[in-house]
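For reference, the structure is listed below as structure tokens.
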Amino acid sequence: MAESWVNYAERIGSDLHLELSGPGSRRAVLITALRDAVRNGRLAPGTRLPPYRSLAADLGVARNTVADAYAELVAEGWLTARQGSGTHVAERTRPLPVAVPPKAHARAPHAPPHDGPVRHDLRQGTPDASSFPRSAWLASYRRALHQAPNEVFGPGDPAGRPELRAALADYLARARGVRTEPNRIVVCSGFAHALRLLFGPGTGSRSESRVGSTGESAGAGANTGGDGDRVGGPVRGGRILRGPLAVEAYGLPFHRELLAAAGVRTVPLPLDEHGARVDRLGRERAVLLTPAHQFPTGGPLHAERRAGVVDWARARGAVVLEDDYDGEFRYDRKPVGALQSLDPERVILIGSVSKSLSPAVRLGWMVLPERYVGGVLAAKGEREAWASVLDQLALADLIASGAYDRHVRRMRQRYRSRRDRLVAALAEHAPHIEVGGVAAGLHAVLRLPPGTERSAVESAVRHGVGLDGLAGFRHPDTDMPAHDGLVVGYATPPEHAYGAALEALCAVLAPGGLPL
């Protein structure tokens, strides 16, 4: 029996998609298609092209047609061919220009206000990508894959793999003082995903019959808030939580935009040296805080205010959302335990590995009061659609093996060293700049003279330095006085580039370099 096309193609070469259309012979059309693919960058320099027979079979043309087209493009310098090594796209000393459409694009929240190349990336929000523990992750992935039961390769449980939930329960109890059990942890893809699950529209009537990992129906155990609204399980329209939501006066605008899109009104709480003014809480149904290290201004929530916000939640039948975004990275103070430990039935702790490992590992978790578990699972759906099950198993092994702790401790030392270098460089070259928020975390806040923030950001752009102005994090409805400042992410650059980034930052902020 003749060999099938699929088997033939699999045996003799790789795929290359080309559209053969237009006037002229098949040879001429093929040459034009290949030349265009190289010119527009779809075929990068050094790319190996399929053998004649493979491409001819894919395109339905004669082998000699492909051979002649390759030969023509070799003669023109587009391709190179060597006996025994195949045909490749020719290397060039510089890439071909790529046309950029004139359409204006929305600027990312952390980007400078003017276009310009970022040679020194000091933007907050990401760890050093070059420090990802590749060897440890690969070892954990291999072990997890080898030991995985067959059920792993079927539809995923929306609660998350039991191996990861058990590992997280142990780790969070040990490292963050969290009080929970594996069946009260729901895996998600990160903090934004958690907000969407908690505040977005749920699955409506189906959610009422969804049985969560606790064995209770989605609506079981629902509480009644002080204003008569249910605050547990699915509520009107399938929502788990509803606004208004109190938030800190400075925070990520992306989170506010996400909540606004879900129809949630946010009410800003002023900040001072002790953190959020939780004494200003009123009839809100929930509050979102960063109690271990206020983002972005820095500093933990004072002990009295930690107790005060829990008392408020109890009295109101409300809930506290704890964003534990960088709780592992503390330097000059004793670790601040999770607020969740004060009342696991009134606090939802949300964390992820976006700062400790990488934002590319799309894994996070919610530590939930029991009454919310069923509703969150109903909102996720009947099978996991976001977080890779294999990545969950790898992370579980990374934690259980101790490799995660070793990586965090190593990065804690590295980031502390970077923090110290930043503070020392500014003390020497820009002593008029006050540095704050550096007892923990991956960024610093540089206080500027009034009225100089915008000019400082523009100067940074001219020097190729990517950073954030403090004003971009300010809630538009707050009555809190504005402060000029810069948010500098000292974790972002790779180690070899950090010194040059500090020099460029100091050039921007040195006396005489900053317009007053």
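All of the numbers you see were taken from the coordinates with simple rules; none came from a lab. Everything quoted here is computed from the prediction, not taken from an experiment. FYI the Cβ positions are ideal-geometry reconstructions off the backbone, even for glycines, and counts take in every protein chain you see.
A few remarks follow.
- Under the combined filter of DSSP loop state and at most 16 neighbouring Cβ atoms within 10 Å, segment 233-329 retains these GluC sites (Glu not before Pro): Glu273.
- Loop sites in segment 328-410: trypsin sites (Lys or Arg not before Pro), DSSP, at most 14 other Cβ within 10 Å: Arg333, Arg383
- Rough spin-label spacing in nm, given labels placed 7 Å along Cα→Cβ, for Phe153 and Glu495: 3.9
- Point-to-point label distance, Ser401-Ala75, nm (Cα→Cβ direction, 7 Å offset): 5.6
- At full extension, Gln83 and Val118 could sit 8.3 nm farther apart than now, given 0.36 nm per residue minus the alpha carbon distance.
- Each of Pro51, Gly84, Leu30 was placed along the dipole of segment 5-89 (beta-carbon charges, centred on the mean Cα), and the one lying farthest toward the positive end is Gly84.
- The distance linking segment 414-463 with segment 334-385 is 32 Å (Cα centroid to Cα centroid, whole angstrom).
- Förster radius 51 Å - calculated FRET efficiency between Arg462 and Ala307, Cβ distance, rounded to 0.05: 0.60
- Computed from the Cβ-Cβ distance with R0 of 45 Å, the FRET efficiency linking Glu503 to Arg383 stands at 0.30.
- Take every pair of alpha-carbon atoms less than 8 Å apart whose residues are at least six positions apart; their mean separation over the length of segment 5-89 yields a relative contact order of 33 percent.
- Sites Ala425 and Glu91, calculated FRET efficiency, Cβ-Cβ separation with R0 51 Å, nearest 0.05: 0.80
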